[in-house]
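Trainee: Just passing along the structure, written as structure tokens.
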Amino acid sequence: MNKTDLNSTQSETWLNAKFNFQSIRHRSVIMFKAMFFSSAGAMFGYCYKHYDEKVIESNKSK
């Protein structure tokens, strides 16, 4: 193994590490978006359901 082989191996290792970091970061951003939108959807559904119940109750009392 000569010096150029060592340098190319080091640069390949650096590129792989950089790619793995970006891949992990990308997956964590996707997971954060999924958690955010699922919780936002759950809150919207909960509030909308209870809002409908209040509207129905107020219409019955009229």
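Trainee: Is it true that some residue in region 25-37 is surrounded by 10 or more Cβ atoms within 10 Å (Cβ to Cβ) and either assigned to a loop (DSSP other than H, G, I, E, B) or modelled with pLDDT under 80 (or both)?
Mentor: Yes - at least one qualifying residue is present in region 25-37.
Trainee: Quick one: is residue 18 modelled with pLDDT of 90 or more, within 23 Å of the chain's Cα centre (by Cα) and of a type in the set (Lys, Arg)? Give the steps one after another, and end with the answer.
Mentor: On the way: modelled with pLDDT of 90 or more: no; within 23 Å of the chain's Cα centre (by Cα): yes; of a type in the set (Lys, Arg): yes.
No: the conditions fail for residue 18.
The values are calculated or read from the model by the stated rules, or taken from the named source; none is laboratory data. For clarity, every value in this text was computed on a predicted model and none was experimentally measured. Quick reminder, even Gly has a Cβ in these numbers, built from the backbone with ideal geometry, and neighbours come from all protein chains shown.
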